[in-house]
Amino acid sequence: MPTLLAKNAAVLVTMDDGRRELSNAGLFVRDGMIEQVGPTDQLPQHADLVLDLSGQIVLPGFVNTHHHLDQTLTRNLPAAQNNNLFPWLKVHYRVWASRTPEASRCSTLIGLAELAASGCTTVFDHAYVFKNGSRVDDQIAAAKEIGVRFHACRGSMSLGESRGGLPPDDCVEDEPAILKDCVRAIETYHDRSRGAMTRVVLGPCSPFSVSTDLLKESATLARAYQVPLHTHLCETMDEERYTLERYQLRPVAWMATLGWLGADVWFAHAIHVNDDEIKEMARTGVGAAHCPSSNMRLASGIAPVKNYLAAGVKIGLGVDGSASNDGSNMLLEARLALLLARLRLGLLPPEGPRTFFLLSQSHPLRAHEWMTAREVLEIATRGGAAVLGRDDIGSLEVGKCADFFSIDLNTVDYAGALHDPVAATVFCAPQKARYTVINGRVIVENGQVVTVNMRPVIDDHNRFARQFAGQS
Ligand SMILES: [Zn+2]
């Protein structure tokens, strides 16, 4: 049972129920789980591994609730730089379908390395294009190789253009084969135990790429095995128009008819919703993954995150992409979530009869709607854990997983902001982690992954990406 002592942190953000922020503190870890949290002088003196975190802030590991790791292979494609979701997808579908298992390994390692270096310790990956020999096993193996806690999605697309869907027919799979492989993935990899490093999620891709039958059958299967469900929803007005024309229902109402509103479901984006839909999501326990970079990059819109929080909807943060971001940096995403919520506020008129007031005019009625740095950190940690249905991550408490990261405070980037180091991690420019620890194991040291030699992975990844860029 290996032990780890992390000590002398200038500040330790617990995110426990009291939201305690401790000075000169640390953690004692045994076998991947936190055994003690508190002031350094109250912790054991010895351990198999000791990390001296003097001059650093420690935060609970971030939880990324929406991503497509394979898309690191198609970052920044010229043909997809300046379009919104539907045309952007059409540029990418066939390129994604041509990736190989080896390319998937590289992209997963690249994305997870970038995430881990930005403080992320648990990643949900929504893979949904499985052609050319690719399987969800490729991502799971790479996540194990690097040591990141991983929720793998056996996603799917089944509705090709000839049946009214958006993807080309040669990029979708047969539905019986999809469901059979979902069963295989769950039975092979899904670990229900506390502290699990691998879990499986079912994720039909979107309203315009799967059939109603597949959505219903995926929900039935997920409930039989008690695994969560995930899809993209309410991302664009194009999608809303699609469900209105095809099913005569708005997206949330349509999903309700398919058994897709429940505490085991979360939607990526959830931008275009009205107040009644927010209430329905809160009532049924549906969560949402907020992905600010992608939503700005594709001009999708601004999710009403503060309204969700006020209504009691579970909200996590997702980097999405990486072809719609084009990064996998959770600290950057946290900062953008703060800024985007404020931009949304500035674009709204004041409540009440005085709607003729100029936009962005300060008004006390809106004072409680400001997103704060601590709220964003809470969404990125506890919020993401709730969205993924886990009670063993998201905070630094006795009995929880030893997933945390540290950042050096005494740097040029934070100089002048240290009267509130916690808020500085969001307000100031995103920094790389000094240490990222997952399951009690050091994954990142001085901003670099130490579990995998990334140099050859970067070279291979760039080679694959150049091939893909030539196809688009
Ligand atoms: Zn997505």
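Counting pairs of Cα atoms in the range 197-331, how many percent are more than 21 Å apart?
39 percent
To make sure I understand the rule: partners must be lysines, Cα under 27 Å from the Cα of K400, and not fewer than 8 residues away in the same chain. Which ones qualify?
K7, K144, K314, K432
Per residue, how big is the convex hull of the range 247-315 when only Cα atoms are used? Give it in Å³.
85 Å³
Suppose we keep just the alpha-carbon trace of the chain; what are its Rg and Dmax in angstrom?
21.6, 67
Given just the C-alpha atoms of the range 1-82, how large is their convex hull per residue in cubic angstrom?
In the range 1-82, the Cα hull volume divided by residue count equals 173 Å³.
Give, in nm to one decimal, the length gained when the segment between N462 and D420 is fully stretched (0.36 nm per residue of separation minus the Cα-Cα distance).
My answer for the length gained is 11.1 nm.
Would you mind computing, in nm to one decimal, how far apart the modelled labels at R223 and R194 are, each placed 7 Å from Cα along Cα→Cβ?
Using points 7 Å along Cα→Cβ, the separation is 2.9 nm.
List the residues of the range 384-418 whose backbone N lies under 19 Å from a point placed 7 Å from the Cα of S54 along the Cα-to-Cβ direction.
Inside the label zone: 406-412.
Can you give the Rg to Rh ratio of the range 123-278, both from alpha-carbon atoms, with Rh computed by the Kirkwood formula?
My calculation of the ratio gives 0.97.
Quick one: compute a quarter of the convex hull surface over the Cα atoms of the range 372-447 and quote it in nm².
It is 5.6 nm².
Checking the cross-link filter: which aspartates and glutamates have an alpha carbon closer than 17 Å to that of K216, excluding same-chain neighbours under 8 positions apart?
Qualifying aspartates and glutamates at Cα under 17 Å: E173, D174, E175, D181, D264.
With the convex hull built on the Cα atoms of the range 406-472, state its orientation-averaged projected area in nm². Before the final figure, lay out each step's value.
Numbers: hull surface 28.1 nm².
Mean shadow area of the hull around the Cα atoms is 7.0 nm².
For the pair D213 and D170, what calculated FRET efficiency results from E = 1/(1 + (r/R0)^6), where r is the Cβ-Cβ distance and R0 = 22 Å, to the nearest 0.05?
Given R0 = 22 Å and the Cβ-Cβ separation, E is 0.60.
Over the Cα atoms, compute the radius of gyration (one decimal) and Dmax (the largest Cα-Cα distance, rounded to a whole number) for the range 263-353, in Å.
Considering the range 263-353 through its Cα atoms, Rg and Dmax are 13.2, 43 Å.
Based on a Kirkwood Rh over C-alpha pairs, give the Stokes-Einstein translational diffusion coefficient of the range 1-42 at 4 °C and viscosity 1.567 mPa s in µm²/s.
For the chosen part, D equals 124 µm²/s.
Please arrange M237, M255 by accessible surface area, largest first, computed with a 1.4 Å probe and ligands excluded.
Output order, biggest surface exposure first: M237, M255.
Using a 1.4 Å probe and counting only protein heavy atoms, arrange R75, R135 so the residue with the most accessible area comes first.
Output order, biggest surface exposure first: R135, R75.
So what's the gap between the Cα centers of the range 279-300 and the range 109-144, to the nearest angstrom?
Using only Cα atoms to place each centre, the spacing works out to 21 Å.
Please report the accessible area of D17 (heavy atoms, 1.4 Å probe, ligands and nucleic acids excluded) in Å², nearest 10.
Only protein atoms counted, so the area is about 120 Å².
Can you pull the accessible area of K144 for me, 1.4 Å probe, Å² to the nearest 10?
Here the accessible area works out near 120 Å².
Could you give me the ³J(HN,Hα) list for the range 303-317, computed from phi with Karplus coefficients 6.51, -1.76, 1.60 and θ = phi - 60°, whole Hz, x at Gly and Pro?
Here the 3J(HN,Hα) series is 5, x, 4, 5, 5, 4, 4, 5, 7, x, 7, 5, 10, x, 10 Hz.
Let me test this: with uniform point scatterers at the alpha carbons of the range 16-144, what is the Debye-based log₁₀ I(q)/I(0) at q = 0.16, 0.17, 0.20 1/Å?
With one equal scatterer per Cα and no solvent, log10 I(q)/I(0) is -0.88, -0.93, -1.14.
Need the list of lysines near K90 for cross-linking: C-alpha distance under 17 angstrom, and skip anything on the same chain fewer than eight residues off.
Hits, sequence-local ones excluded: K131.
Using only the C-alpha atoms of the range 81-175, find the volume of their convex hull and express it per residue in Å³.
Taking the convex hull of the Cα positions in the range 81-175, it is 107 Å³ per residue.
Which parts of the range 308-335 would a label at K279 reach, counting a residue when its backbone N lies under 16 Å from a point 7 Å out along Cα-to-Cβ?
308-313
Could you sort T372, T381, T257 by their accessible area in this structure, using a 1.4 Å probe and putting the largest first?
T257, T372, T381
Just how far, in whole angstrom, is the range 418-447 from the range 5-46 if you go by their alpha carbon centroids?
Each part's Cα centre sits 15 Å from the other's.
Leaving ligands, DNA and RNA out of it, work out the accessible area of C205 with a 1.4 Å probe and give it in Å² to the nearest 10.
Its heavy atoms expose roughly 10 Å² to the probe.
The values are calculated or read from the model by the stated rules, or taken from the named source; none is laboratory data. What you see is a predicted model, and the numbers here were worked out from it, not measured in a lab. Virtual Cβ from ideal backbone geometry, glycine too; neighbours counted across all protein chains shown. All accessible areas refer to the heavy atoms of the entire protein, side chains included, with ligands and DNA or RNA removed. Shrake-Rupley method; radii C 1.70, N 1.55, O 1.52, S 1.80 Å.
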